[in-house]
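A quick write-up on the structure given underneath.
The values are calculated or read from the model by the stated rules, or taken from the named source; none is laboratory data. Being a predicted model, the structure only gives us computed values, none of them experimental. Using ideal geometry, Cβ is built from the backbone for each residue, glycine included, and neighbour counts are taken over all protein chains shown.
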């Protein structure tokens, strides 16, 4: 998930609040990404507000919804003095500024200093840093690094040499790139450029109560735990990730790790601290996944809880996408993240599997 996706969360909200119940849930969450999508009025106070209004929440029977401030005013309601629904939503203002900053970072030949980016959008460095992290979930520096990483990944596949790719991505010294390459790519640049060619990924598949589980590992540790209905589908998913890698079925060598994965599935156990994981993801994803690993078996957190835990309370949708991007089932327990009302939402390996896992853990 790119930061560009995250900063456009408000755009993605268009058309998401089609029913009154969806709107009411947004009001209960004080969802700032819903601001501008609709407005709500309160019969007992005679005012109308934006969804994120921080005033005391009303009773559902006193609430009605409106498509615009004019619609609410026509119905006889006045604008709330606290959230000022007739003015430009603060959330939209911030996302616009951050989007402008991201474009500036992307178009710069080298990573620009914090003060330079802040000046470009008219904020102090301190204020800019806080706003950028609040909206995107990552720091400006982390975004610049992530963007250059993305450029490196693209360039490695297109450039004639690795050196060309490094300089195309804005690194002015080979040594700086190679210092970070292993963490960014999970392999050396040459290996990534070749689609994982020369990289060996050992894997094993075993039956479990949820169908089948595949455990894949590099020499650094487990890089994927997948759930599926059959061997062929699981192998195809692994091949698509590393089309040039050498895939070796290694049931005997991975027996212990497969046993651990099955124990987590069947007994609801959390991953042991000693289980080596080869985790790959953006800075934001890694922060989310770290929080997930701290959720005890038998407990759940809401997407909002996780967003608050990483210090980005506005990034609820981004947290949901990070959960969906998790490749290591059960060991990184994204199934323990649910809606604010306790409802079970989407799961990469199927909602029914998520339900079963939670039932096993709560038993």
Scan the stretch 52-61 for residues that are out of contact with any strand residue (DSSP E or B) (no Cβ under 6 Å at 6 or more places or on another chain) and crowded, with 19+ Cβ neighbours inside 10 Å and report the count. 1
If we keep only residues of the stretch 346-363 that are assigned to a loop (DSSP other than H, G, I, E, B) and touching a residue at least 40 places away in the same chain (Cβ under 8 Å), then the residue surrounded by the most Cβ atoms within 10 Å (Cβ to Cβ) is 349
Can you tell me which of 126, 167 is at pLDDT below 70 and either closer than 27 Å to residue 288 by Cβ or not assigned by TED's automatic domain parsing to the domain that holds residue 286 (or both)? 167
With respect to residue 267, determine if the residue is in contact with a strand residue (DSSP E or B) (Cβ under 9 Å, 6 or more places away or on another chain) and either exposed (fewer than 14 other Cβ atoms within 10 Å of the Cβ) or assigned by TED's automatic domain parsing to the domain that holds residue 325 (or both). no
Which one of these does residue 339 not meet: (1) surrounded by fewer than 21 Cβ atoms within 10 Å (Cβ to Cβ); (2) within 27 Å of residue 234 (Cβ to Cβ)? (2)
I'm checking my understanding of the structure. Among residues of the stretch 306-324 that are under 22 Å from residue 278 (Cβ atoms) and either out of contact with any helix residue (DSSP H, G or I) (no Cβ under 6 Å at 6 or more places or on another chain) or not assigned by TED's automatic domain parsing to the domain that holds residue 286 (or both), which one is surrounded by the fewest Cβ atoms within 10 Å (Cβ to Cβ)? 324
Before we move on, is residue 238 assigned by TED's automatic domain parsing to the domain that holds residue 330 and at pLDDT 90 or above? no
Could you tell me whether the stretch 243-252 includes any residue that is more than 30 Å from residue 139 (Cα to Cα), modelled with pLDDT of 85 or more, in contact with a strand residue (DSSP E or B) (Cβ under 6 Å, 6 or more places away or on another chain) and assigned to a helix (DSSP H, G or I)? no
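Pick out the one residue from 112, 58, 51 that is part of a loop (DSSP other than H, G, I, E, B) and either in the same structural domain as residue 313 (by TED's automatic domain parsing) or within 30 Å of residue 144 (Cβ to Cβ) (or both).
Just one listed residue meets the conditions, 112.
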If you go through the stretch 65-77 one residue at a time, how many are loosely packed, with under 15 Cβ neighbours inside 10 Å and in contact (Cβ under 8 Å) with a residue 12 or more places away in the chain? 4
Please count how many residues of the stretch 274-292 are more than 15 Å from the chain's Cα centre (by Cα) and either in a helix (DSSP H, G or I) or closer than 28 Å to residue 145 by Cβ (or both). 4
Within the stretch 323-363, which residues are touching a strand residue (DSSP E or B) at 6+ places or on another chain (Cβ under 7 Å) and under 25 Å from residue 216 (Cβ atoms)? 323, 327, 328, 329, 330, 331, 336, 337, 349, 353
Would you be able to tell me the number of residues in the stretch 293-311 that are touching a strand residue (DSSP E or B) at 6+ places or on another chain (Cβ under 7 Å) and in a helix (DSSP H, G or I)? 2
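In the stretch 245-273, which residues are closer than 15 Å to residue 201 by Cβ and within 27 Å of the chain's Cα centre (by Cα)? Even if it seems obvious, please write down each step before you answer.
First pass over the stretch 245-273, keeping only residues closer than 15 Å to residue 201 by Cβ: 245-251, 253-254, 257-258.
245, 257, 258 - these are the residues of the stretch 245-273 that are closer than 15 Å to residue 201 by Cβ and within 27 Å of the chain's Cα centre (by Cα).
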Flag for residue 64 being touching a strand residue (DSSP E or B) at 6+ places or on another chain (Cβ under 8 Å), at pLDDT 85 or above and in a strand (DSSP E or B): yes
